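Trainee: Before I ask anything, here is the structure I am working with.
Bear in mind that the values in this text are calculations on the coordinates, not laboratory data. Just so it is clear, the model here is predicted, and its values are computed rather than measured. Cβ atoms come from the backbone with ideal geometry, glycine included; neighbour counts cover every protein chain shown.
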Amino acid sequence: MIRLAGALLVFCCGAVLAYFLNGRARAALTQVEGFMDLVRRLRTEIDCFSMPIPLALALCPDEVFKKCGFDDSRECIRTLDDLLGGCEILLPEAAELMEGFAARLGRGYKHEQLALCDGTLARLEDIRLSLASELPVKQKINGTLCLCGALAVVILTV
Amino acid sequence: MAVVIDARSAIRRSPDDKLLRLFPVGLRAELDGFYRRGTCIYEVRLRAEKCASIVCDTGNVALSCVLSRAELAEILTELCEHSLYAHADTICGGYITLEGGVRVGVVGRAAVSGGQVCGVYDISSLCFRLPQRIESVGENLAAMLRKKRCGALIYSPPGVGKTTLLRSLVARLADLDSSAGAMRVAVVDTRGELGVYLNSKALCVDVLSGYPRGIGIEIAARSLNAELAVCDELCGKADVDAVIQSRNSGVPVLATAHAQSLEALMRKSDFRRLHEACAFEYYVGIRRLSARRDFEYDVVSWEEADQLI
């Protein structure tokens, strides 16, 4: 009975791990989409109203911040660095891209800033497409590996 | 008429000023030292790879702090609230105006397109001009303008105190508590320097912040029913046309211009045109005496000016 319970527990751990990894893969995609929304919004505010960054960030809705992975109080956000500092960026590629974007944002004239936003959007779109196309395969692999791993542990130990 | 003004009631800016926090620690400490010794600082000048300096009562004083180009760029980014593009128009015009009427001159390597500056890169100098609140200035001039309901042009070389005098005149003329009565004054504050210190509740002032002078003067005359339109640093055809239009509509204009003397002022074609159009009844020249805080001004009527030239 105890052996059966142990085997079930190991199998459940495998399932939970698969669920966690798949959730993380989905979250990475959502985060990239959040960054794209954010950059698009900033681009519009800069293009149409030449709005300063602190004000443009203040006008951004909460959902965008949440999609980016920012859950703290938004009162402290004045620059994009403040925002990124409060997010756990799941994908190293996206982290590097957004850090570069934040370092250059607000430090140039309008046409330069619009070009920066466009370039960042294009690269984020590439990342999003690649993540979206890989996601089903990744989910299957995560599920299969975790469950098979758990099964193997059960067989070897029981 | 020549009046000597003692302006020793100048109010010094506090060392806790927001502006000071933008400066690197070393520079801040040096400036703090000057403030503690009671020095009245008029300008703080930062130059890339060169000694920073201040302008105070004793003239130009060098500081030991030397800033790099990167540090100047960082200060500019902070001044612009991390949004350089939002200040592009004024930066291309050579300045940024900060909260509290502080004007920062910005120069570097200009990018020019079609004869117009479209960007300034590699910032090499930042010149912070701190506005002075001098309350004892312009009493006689304000009384004259109030009595005669006329316009005047204040002229002097840069940094003598035109804007300070203008601010003081506006506060006096628009004072609702004044026994002599208040005038409805419209202030066209293109560079965000005139509106500062005009925060008393008993002022009959409409401040048009950021409006180009020509448009602002037109609005003052057409929409605000102003008894006096005020603007700083007239230059260019659009400004001249607007002043003439306003004068012809019955709204006198109180303005300032850069000139060494009345003769030099009249050698400028735009001001010659203003004179010929009788746009100003009086010309007011300002001069600083030996100590920077004391200055005098000469008031010359249109007729006297006409004879002089």
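Trainee: List, in order, the whole-Hz ³J(HN,Hα) value for each residue of segment B:40-54 obtained from phi through the Karplus relation with A = 6.51, B = -1.76, C = 1.60 and θ = phi - 60°; use x for Gly and Pro.
Mentor: These are the phi-based 3J(HN,Hα) values: 8, 8, 9, 9, 10, 10, 10, 10, 5, 6, 9, 4, 6, 8, 10 Hz.
Trainee: I would also like to ask the following. Which FRET efficiency value, to the nearest 0.05, is calculated for A:ARG26 and B:SER269 with the Förster distance at 60 angstrom and r the Cβ-Cβ distance?
Mentor: Taking R0 as 60 Å, the efficiency between A:ARG26 and B:SER269 is 0.30.
Trainee: Based on the alpha carbon coordinates of segment A:1-40, what radius of gyration and maximum Cα-Cα distance (Dmax) apply, in Å?
Mentor: 17.3, 58
Trainee: Next question. For segment A:18-67, count the residues as N, evaluate 2.2 N^0.38 Å, and divide the Cα radius of gyration by that value, please.
Mentor: 1.41
Trainee: What are the semi-axes of the equivalent ellipsoid for chain B, taken as the square roots of 5 times the Cα gyration tensor eigenvalues, largest first, in whole Å?
Mentor: 33, 23, 19
Trainee: Over all alpha-carbon pairs of the protein assembly as shown, lay out the pair-distance distribution in 20 Å bins, whole %, shortest bin first.
Mentor: Over the protein assembly as shown, the share of Cα pairs per 20 Å bin runs 20, 41, 24, 10, 5, 1 percent.
Trainee: Okay, next question. Convex hull over the Cα atoms of segment B:153-309, averaged projected area in nm²?
Mentor: 9.1 nm²
Trainee: Using only the alpha-carbon atoms, how far is helix B:213-222 inclined from the longest principal axis of chain B? Give it as 0 to 90 degrees, nearest 10.
Mentor: 40 degrees
Trainee: Now for a separate question. Under a straight-distance cross-link criterion of Cα-Cα below 14 Å, which aspartates and glutamates are reachable from B:LYS148, leaving out those fewer than 8 residues away in the same chain?
Mentor: Those aspartates and glutamates meeting the cut-off are B:GLU227, B:GLU281.
Trainee: Over the Cα atoms, compute the radius of gyration (one decimal) and Dmax (the largest Cα-Cα distance, rounded to a whole number) for segment B:93-217, in Å.
Mentor: 16.9, 54
Trainee: Here is a further query. Can you give the FRET efficiency to the nearest 0.05 for B:VAL107 and B:GLU78, using r as the Cβ-Cβ distance and R₀ = 22 Å?
Mentor: Efficiency, rounded to the nearest 0.05: 0.80.
Trainee: Using only the alpha-carbon atoms of segment B:218-303, report the extent along each of the three principal axes, biggest first, to the nearest angstrom.
Mentor: Computed over the Cα atoms, the extents are 44, 26, 23 Å.
Trainee: How big is the dipole moment of the protein assembly as shown about its Cα centre under a simple scheme where the beta carbon of each Lys and Arg is +1, that of each Asp and Glu is -1, and everything else is neutral? Debye, nearest 20, please.
Mentor: In total the dipole reaches around 260 debye.
Trainee: Projecting each Cα onto the charge dipole of the protein assembly as shown (Lys/Arg +1, Asp/Glu -1 at the beta carbon, about the Cα centre), which of B:ALA242, A:ILE141, A:ALA102 comes out farthest on the positive side?
Mentor: Working it through, the farthest residue towards the positive pole turns out to be A:ALA102.
Trainee: On C-alpha positions alone, give me the angle between the axis of helix A:92-104 and the longest principal axis of chain A, in degrees, nearest 10.
Mentor: Approximately 20 degrees, to the nearest ten.
Trainee: A follow-up question, please. Determine the alpha carbon to alpha carbon distance for each of B:LYS162/B:LYS201; A:LYS67/A:LYS138; B:LYS162/B:LYS237; B:LYS18/B:LYS237; B:LYS147/B:LYS268 and list only those over 26 Å.
Mentor: B:LYS18/B:LYS237; B:LYS147/B:LYS268
Trainee: What nm value, rounded to one decimal, do you get for the distance between B:GLN260 and B:ASP57 when each label is placed 7 Å out toward the C-beta?
Mentor: In this crude label model, B:GLN260 to B:ASP57 measures out at 2.9 nm.
Trainee: Any chance you could run the full-extension gain for B:GLU139 through B:ASN199? It's 0.36 nm times the residue separation minus the Cα-Cα distance, nm to one decimal.
Mentor: 19.7 nm
Trainee: Loop only per DSSP, at most 11 neighbouring Cβ atoms within 10 Å: give me the chymotrypsin sites (Phe, Trp or Tyr not before Pro) in segment A:25-110, ordered by residue number.
Mentor: Listed in order of number, the matching sites amount to none.
Trainee: Assuming R0 = 60 Å, can you tell me the calculated FRET efficiency for the pair A:ARG104 and A:TYR19, based on Cβ-Cβ distance, to the nearest 0.05?
Mentor: FRET efficiency, A:ARG104 to A:TYR19: 0.95.
Trainee: Across segment B:67-83, in residue order, what do the Karplus-derived ³J(HN,Hα) couplings come to in whole Hz, using 6.51 cos²θ - 1.76 cosθ + 1.60 with θ = phi - 60° and x for Gly and Pro?
Mentor: With the stated coefficients, segment B:67-83 comes to 9, 8, 4, 4, 5, 4, 4, 5, 5, 4, 4, 5, 4, 8, 6, 6, 9 Hz.
Trainee: What span do the alpha-carbon atoms of segment A:48-158 cover on each of the three principal axes, reported in whole Å from largest to smallest?
Mentor: Per principal axis, max minus min of the Cα coordinates gives 66, 30, 20 Å.
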